[in-house]
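Read-outs: derived from the displayed coordinates by stated rules, not from any lab. Everything quoted here is computed from the prediction, not taken from an experiment. Methodologically, a virtual Cβ is constructed for each residue, glycine included, from the backbone with ideal geometry; neighbour enumeration extends over all protein chains shown.
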Amino acid sequence: HLKPNDIGELTEYKDNKKYYELLRDDFFALKNFDATNESHKIKVDSFVVNYIKNDNFLRDNDNAIWSLIFFKYGDGINENTKHEFNTDYTIHKLFAFKKRQTAYSFDSKTNYLGTSYFFDKGDSIVNEYRPIVSDYFKNNNHQ
């Protein structure tokens, strides 16, 4: 898990439920991940379920969206790399879109929005609903 998490607060949308009031992104680095390998995907699914199970963000906020974004380990990204915000361009190159491997998205209204897998440096994106994650939300109340 690469800290800090990015939490954006959009107070102007507190009463306008069409838009999210809170936006949160958590960042991670994956070693040797292959998005075409189902066992790799299942390991990340299990990690994600355990991670969100231990966090009250969706339960505590009724108008929020939360993404868990996984980057490729290496090329400057390791377990000690901080994902800083409002910094110079270098950090944006380090955490470039093309280095994303997968992202899981959730919101406080519908819960699980889906999982995206990034191929060819983000030129190709495959969206899926992962059964492990879907089942977790079916069996647990996050409202």
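At a 10 Å Cβ-Cβ cut-off, how would you order Ile52, Ile132, fewest neighbours first?
On the way: Ile52 24, Ile132 13.
Ascending Cβ contact count within 10 Å gives the list Ile132, Ile52.
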Practice problem: Grab the beta carbon distance between Asp123 and Asn54, set R0 = 35 Å, and tell me the FRET efficiency rounded to 0.05. | Solution: 0.55
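Please compare each pair in Lys53/Lys93; Lys41/Lys138; Lys31/Lys82; Lys109/Lys138; Lys41/Lys72 to a cut-off of 23 Å on the Cα-Cα distance and tell me which ones are over it.
Numbers: Lys53/Lys93 31 Å; Lys41/Lys138 20 Å; Lys31/Lys82 17 Å; Lys109/Lys138 13 Å; Lys41/Lys72 14 Å.
Cα-Cα > 23 Å for Lys53/Lys93; rest within.
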